[in-house]
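Engineer: One structure, pasted below without further comment.
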Amino acid sequence: MSTADAELPVAPPLPGEKPRILLIRAPYYRNVVDGMTKAANDILQDVAAEVTSIDVAGAFELPQALRIALRGKKRFDGFIALGCVVRGETDHYEFICNTAMDGLMQVALQYGICLSTALLTVDTVAQAEARSRETGANKGAEAAVACLKQIAIARALDAV
């Protein structure tokens with residue numbers, strides 16, 4: 001199923017207090033990441049989430065920022081990583097995509113956190129724009145829903 005065929009994301013029911021979410025953005029492609037951010041915030045607003053946003057230099061820094069956040073005193077129920085990497089003419093694309101996604105997953109598994117990602121890995125900016133539009137399917141909104149579902153699971157299993 002493609003993004004265009006997917007049902008529009010809707011915030012799931014989330015029992016308990018309002019969730020605290022850290023949104024970690026790599027806004028190298030600012031219009032794309034801003035579009036995903038708006039869609040994610042729209043979903044998070046539906047559950048009255050308290051959202052903190054931070055920007056990093058690029059996708060490579062997303063896992064590092066996540067790990068730094070876990071060292072901090074401020075606690076979050078969930079984390080959302082947003083960014084975009086567009087294929088170029090070198091193998092830099094493969095390195096950054098693999099390193100960023102592997103790093104995010106390693107931190108999530110090691111610390112048992114609720115993490116979702118919308119790190120677009122695309123061939124063209126047009127593909128990224130199609131996945132980050134304000135109307136229709138949007139990977140930022142999908143990431144917000146995924147994060148909220150993880151929080152709901154953690155709460156249901158008393159794993160918070």
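Engineer: Take the range 123-142 and flag every residue that is outside any loop (DSSP other than H, G, I, E, B), hydrophobic (A, V, I, L, M, F, W, C) and either touching a His at 6+ places or on another chain (Cβ under 9 Å) or surrounded by 19 or more Cβ atoms within 10 Å (Cβ to Cβ) (or both).
Structural biologist: Hits for the range 123-142 are Ala128, Ala130, Ala141.
Engineer: Another question, then. Considering only the range 33-58, state which residues are crowded, with 19+ Cβ neighbours inside 10 Å and among the charged types (D, E, K, R).
Structural biologist: none
Engineer: Moving on. Hey, among Arg25, Arg20, Arg30, which residue is surrounded by fewer than 18 Cβ atoms within 10 Å (Cβ to Cβ), within 17 Å of Phe79 (Cβ to Cβ) and of a type in the set (Lys, Arg)?
Structural biologist: Of the residues listed, the single one that is surrounded by fewer than 18 Cβ atoms within 10 Å (Cβ to Cβ), within 17 Å of Phe79 (Cβ to Cβ) and of a type in the set (Lys, Arg) is Arg20.
No lab work stands behind these numbers, since they all come straight from the coordinates. Computed from a predicted model, the values in this text were never measured in an experiment. When we count neighbours, we look across all protein chains shown, and the Cβ atoms used for this are built from the backbone with ideal geometry, even at glycine.
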